[in-house]
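The values are calculated or read from the model by the stated rules, or taken from the named source; none is laboratory data. Small disclaimer: the values here were computed from a predicted structure and weren't measured. In this analysis, Cβ positions are derived from the backbone assuming ideal geometry, glycine residues included, and neighbour counts consider all displayed protein chains. Quick note on the areas: whole protein, heavy atoms, side chains included, nothing else; ligands and nucleic acids left out. Shrake-Rupley method; radii C 1.70, N 1.55, O 1.52, S 1.80 Å.
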Amino acid sequence: MSKVSVIEVKNTAQLKQFVKFPMDLYKNSPYYVPSFINDEINIWNPAENPAMQYSEAKQFLAFKNDKLAGRIAVIINHKEERELGIRKVRFGWIDFIDDIEVSKALIDTAIAYAKEKNIDKIEGPMGFTNLDKAGMLTLGFDRLATMIGIYNHEYYPKHLEKLGLTKEKEWVEFELQFPEVLPDKIHKFNELISQKYKLKVLNFKSKEEIIEYVDPMFDLLDETYKHLSTYTPISDEQRKTYKEKYFKLIDKDYIVCVADDADQLIAFAITMPSYSKALQKSKGKLLPFGWWHFLKAGKKNDRANFYLIGIHPDYQRRGVTSIIFKEIWKLFRKKGVKYLETNPELEENKSVQLLWQDYGPVNHKRRRTYSLNIK
C-alpha cells in the first residue's frame with residue numbers, strides 16, 4: 001500500500017530539496033520559469049528577508065513511497081494581523097505530483113498548523129507580503145511564465161477544489177502589442193495633460209540619480225493600493241532591502257517618472273525586458289554562465305514585463321497614464337520591444353486595469369488564491 005509522509009524542513013540539505021523540487025517537477029515544461037536558487041534559499045533567512053522579522057514560517061516536504069513528491073510552506077504575517085485584523089495561515093511554495101494523496105497531505109499539514117495556532121482559516125498560494133508572488137494559475141498554462149508569476153500544472157486547482165478549498169481572490173494578467181505608430185491624437189492629448197497639470201517626465205542620466213526617488217515610489221505604491229482590502233503598507237525594512245537588492249538590477253531606461261512643477265513625484269512605472277527565457281537557460285543560477293543569458297536578454301528582446309506602477313490619487317483618471325505609456329512606447333521602439341505583459345492585478349482593481357484599455361489588452365492569464373475555513 002502506498003504511503004505519503006510529510007516532514008518539516010530542518011536543515012540546509014532539506015531546504016535545498018524544498019527549493020529545487022519544482023525544477024525537477026517541471027524539467028520538461030517549456031513554460032515553467034525557475035527562480036534563482038540562492039534567492040529562494042535566502043527567503044527563509046531573517047537576515048535577508050525583512051518580512052521574517054514580523055512573520056513566522058515553516059516549510060514541509062512530502063514523500064510518497066520514500067520519493068519526494070511535493071512541498072508546501074506555511075506563514076503567519078503578524079503585521080497583517082495587527083494592522084488589518086486578518087488572522088489566517090498563508091500557504092505557499094506549494095507543488096505536488098498529480099496524486100490527490102500527496103496534495104491532501106500537504107493541505108492537511110497547513111490545516112494542522114492553523115489549528116495548532118488557533119487560527120480558523122488558510123489561504124494560498126501566497127508569500128509573506130503583497131509584493132511576493134501569489135495566486136495559482138487557472139488560465140494560461142500554455143503561456144511562458146514570468147519572473148513575477150507562479151506557474152503550475154493544470155491539475156493543481158482541480159486538486160484544491162476537490163479537497164474543498166474555494167476561490168478567495170482572483171488576479172488577471174494582460175498582453176499588449178504596442179503599435180508601430182502612435183496616433184496624432186495621443187501626442188496632442190499628452191501635450192494637453194502635461195500643460196494643464198504642469199507635469200514633466202524626469203530624465204535620469206545614471207542609476208544614482210534614481211535613488212532619491214525610490215522612497216517616493218514606495219509612498220506612491222501605498223497611496224495607489226491602500227484602498228484594497230488586503231493591502232498592507234510596505235515596511236521601512238522592506239524598503240531598505242528592495243532598494244539595496246533590486247533597484248541596482250533595474251535598467252534606468254525602463255523607469256518612467258512623472259513629476260509636478262514642484263518636482264514632487266506624482267507617478268512612476270517600472271518595466272523590464274523579459275528574462276523568462278534567460279532564467280530557463282540559466283537553470284536558476286547566475287554562475288558560471290547564467291549571467292551571459294541575462295546580458296543578452298537585456299540587450300535584445302522583443303518582449304517586456306510590466307512590474308510596478310504608482311499614481312497619486314489626485315492624478316488618477318486624469319490622463320497621466322497616457323504620458324507614461326507614450327514614454328514606454330518611445331523606449332520600446334528604440335529597444336525593439338513589441339509585446340508587454342502586465343503584472344497580476346486583482347480582478348477588483350478596475351482602476352489599474354483601465355490603464356491598458358486603449359492598447360488592445362488580451363487577458364491571457366488568470367490566477368487565484370484558494371481558502372478554507374476550518375472551524
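Please list, in chain and number order, the residues 5+ apart from Lys121 or on another chain whose amide H is under 5 Å from its amide H, with Hs placed from the backbone.
Placed amide hydrogens put Val89, Ile374 under 5 Å from Lys121.
Relative contact order of region 179-337, please, whole-number percent, based on alpha carbon pairs below 8 angstrom and at least 6 residues apart.
Here the relative contact order equals 28 percent.
Rounded to the nearest Å, what's the spacing between the alpha carbon centres of region 124-145 and region 1-79? Just the number, please.
After rounding, the separation between the Cα centres reads 16 Å.
Over the alpha-carbon set of the chain, work out the extent along each principal axis and list the three values in angstrom, largest first.
Projected onto its principal axes, the Cα set of the chain covers 72, 45, 36 Å.
Counting helices only, and only those DSSP H runs with n ≥ 4, report the 222 nm mean residue ellipticity of the chain as the sum of -39,500 (n - 2.57) divided by its residues, in deg cm²/dmol to the nearest 500.
It lands at -10000 deg cm²/dmol.
Could you check the spin-label model distance between Asp236 and Arg82? Points 7 Å from the Cα along Cα→Cβ, value in nm.
1.2
What is the distance, in nm, between label points placed 7 Å from the Cα along the Cα-to-Cβ direction at Lys338 and at Asp24?
Between Lys338 and Asp24, the simple spin-label model gives 4.0 nm.
Taking the chain as a Gaussian network, where each spring joins two C-alpha atoms under 10 Å apart, which residue of Gln280, Gln195, Gln14 fluctuates the most?
Between Gln280, Gln195, Gln14, it is Gln195 that shows the largest mean-square fluctuation.
Given the options Trp292, Trp329, Trp171, state which has the largest fluctuation in a GNM of the chain using a 10 Å cut-off (strictly under) for Cα springs.
For the chain, modelled as a Gaussian network with Cα springs under 10 Å, the answer is Trp292.
Filter the GluC sites (Glu not before Pro) in region 288-375 down to the DSSP loop ones having no more than 16 other Cβ atoms within 10 Å, then list what survives.
Glu347, Glu348
Can you run the Rg to Rh ratio on region 136-274? Use alpha carbon positions and the Kirkwood inverse-distance Rh.
1.03
Calculate the dipole size of the chain relative to its Cα centre from +1 charges on Lys and Arg beta carbons and -1 charges on Asp and Glu beta carbons; express the result in debye to the nearest 20.
Dipole of the chain, to the nearest 20 debye: 920 debye.
Can you flag which of Lys185/Lys335; Lys158/Lys375; Lys79/Lys335; Lys169/Lys243 are past 31 Å Cα-Cα?
Exceeds cut-off: Lys79/Lys335.
Quick one: divide the alpha-carbon radius of gyration of region 323-371 by 2.2 N^0.38 Å and tell me what you get.
Relative to the 2.2 N^0.38 Å estimate, region 323-371 comes out at 1.37.
Region 4-170: D in µm²/s via Stokes-Einstein (Kirkwood Rh, Cα pairs, 37 °C, 0.692 mPa s)?
D, rounded to a whole number, is 202 µm²/s.
Over 25 Å between Cα atoms: which of Lys252/Lys300; Lys27/Lys117; Lys67/Lys88 fall into that group?
Result: Lys27/Lys117; Lys67/Lys88 exceed 25 Å.
Once you place label points 7 Å from the Cα toward the Cβ at Ile250 and Phe141, how far apart are they in nm?
Distance between label points: 3.5 nm.
Rg/Rh for region 79-158: what does it come to with C-alpha atoms and Rh from Kirkwood?
Taking Rg over the Kirkwood Rh, I get 1.00.
Just the number, please: carbon plus sulfur as a percent of the accessible area of region 179-337, 1.4 Å probe, no ligands or DNA/RNA counted.
Accessible surface attributable to carbon and sulfur in region 179-337 totals 54 percent.
If we count every other residue with Cβ under 14 angstrom of Lys200's Cβ, Lys/Arg +1 and Asp/Glu -1, where does the sum land?
-2
I'd like the accessible area for Leu279, computed on protein heavy atoms only with a 1.4 Å probe and all protein chains in place. Round to 10 Å², please.
0
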